[in-house]
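Here is the structure we will look at.
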Amino acid sequence: MKQVIKGVHIVPMGFANAFLIEGDNGLTLIDAGFPGKESAVFGAIRELGRSADQLKHLIFTHAHPDHIGSAAAIVRETGARTYMHPLDIPIAETGGPFRPMTPAPGLLGRVLCNLFFHPEERLDPVAIDQPLTPGEILPIAGGFDVIHAPGHCAGQVALLWRPGRMLFAADVCTNIVGLGDPVGFENLEEGRMSQRKLASLSFDAAGFGHGKAIARDAAMRFRNKYATRPGEMHQLRPAA
Ligand SMILES: [Zn+2]
Ligand SMILES: [Zn+2]
């Protein structure tokens, strides 16, 4: 398990990342990987010298099989409270099927989308305890801004962890060979807007559903890749 910045650890879940965050009142997990990967999370918790019941919160960036796959098993073992955007909750709570996506432009998108995304897939359903509200600051581990970031998936959110100035970009973009598109889009234009929205934020580190995390100067890379258009600057709520 690798630490990105102080208090944030990457849990490898196959070709997908989950993030384990240390807070004052226990641990928070962002996303739950492919099915059958729950032991990676339990191992990561042990590596921190903690016990499974200290995982208090499980925040989902969106309800795709590679982000909720091991969720039911993790919740059974830990009792963590679950959070998701309302548009994706019905998918998580039935365990699929999933909304269709169009592969991202380019050959790689077509190959990866067909390889990793199967809308008819069925998973263990997971109940969601709390719907996320875009614009809110989730009062967990010092505070996460909840930023709606549709396009790849209608109910997708990005999360900005204020104490560490780290952006969790979900599948708005990947960082496999530099910043790039996710495997597919439900709505390409919305996806582009979400990429520019994240590029307009202020942060130092960034984590991705797929690919390598960036420990510093991440916002600059976003701005270089996704030039923000005037009028698209996204304002976060001032700290209370
Ligand atoms: Zn996804
Ligand atoms: Zn994904």
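The values are calculated or read from the model by the stated rules, or taken from the named source; none is laboratory data. A quick note: this is a predicted structure, and the numbers were derived from the prediction, not measured. Glycine gets a Cβ as well: all are built from the backbone with ideal geometry, and neighbour counts include every protein chain shown. All accessible areas refer to the heavy atoms of the entire protein, side chains included, with ligands and DNA or RNA removed. Shrake-Rupley method; radii C 1.70, N 1.55, O 1.52, S 1.80 Å.
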Which percent, nearest 5, of DSSP beta bridges in region 83-215 are antiparallel? 70 percent
What does the charge count near Ala154 come to, summing +1 for each Lys or Arg and -1 for each Asp or Glu among other residues with Cβ under 14 Å from its Cβ? -4
Kirkwood Rh for region 28-149 from C-alpha pairs, in Å, is 15.2 Å
Using the scaling law 2.2 N^0.38 Å as the reference, what is the normalised Cα Rg of the chain? 0.92
log₁₀ of I(q)/I(0) at q = 0.22 Å⁻¹ - region 1-88, Debye sum with one point per alpha carbon: -1.03
Relative contact order, percent, the chain [alpha-carbon distance under 8 Å, six or more residues apart]: 16 percent
Compute the accessible area per residue over region 1-137, keeping the other protein chains in place, probe 1.4 Å, unit Å². 44 Å²
For Arg162 and Lys2 in the same chain, what is the full-extension length gain: residue separation times 0.36 nm, less their Cα-Cα distance, in nm? 55.6 nm
Taking K and R as +1 and D and E as -1, what net charge do the other residues with C-beta under 11 Å from the C-beta of Val75 add up to? -2
Relative packing of peptides 65-73, 81-89 - highest average C-beta neighbours within 10 Å first: 65-73, 81-89
Phi-based couplings in Hz for region 120-131 (Karplus 6.51, -1.76, 1.60; Gly and Pro marked x): 7, 4, 10, 10, 4, x, 10, 7, 9, 7, 9, x
Taking K and R as +1 and D and E as -1, what net charge do the other residues with C-beta under 14 Å from the C-beta of Ser202 add up to? +4
Quick one: of Lys6/Lys212; Lys2/Lys225; Lys2/Lys37, which pairs are farther than 22 Å apart, Cα to Cα? Lys2/Lys225
Could you work out the relative contact order of region 123-190, using alpha carbon pairs under 8 angstrom and six or more residues apart, expressed as a whole percent? 23 percent
Could you tell me the center-to-center distance, by alpha carbons, between region 107-153 and region 37-68 in angstrom? 15 Å
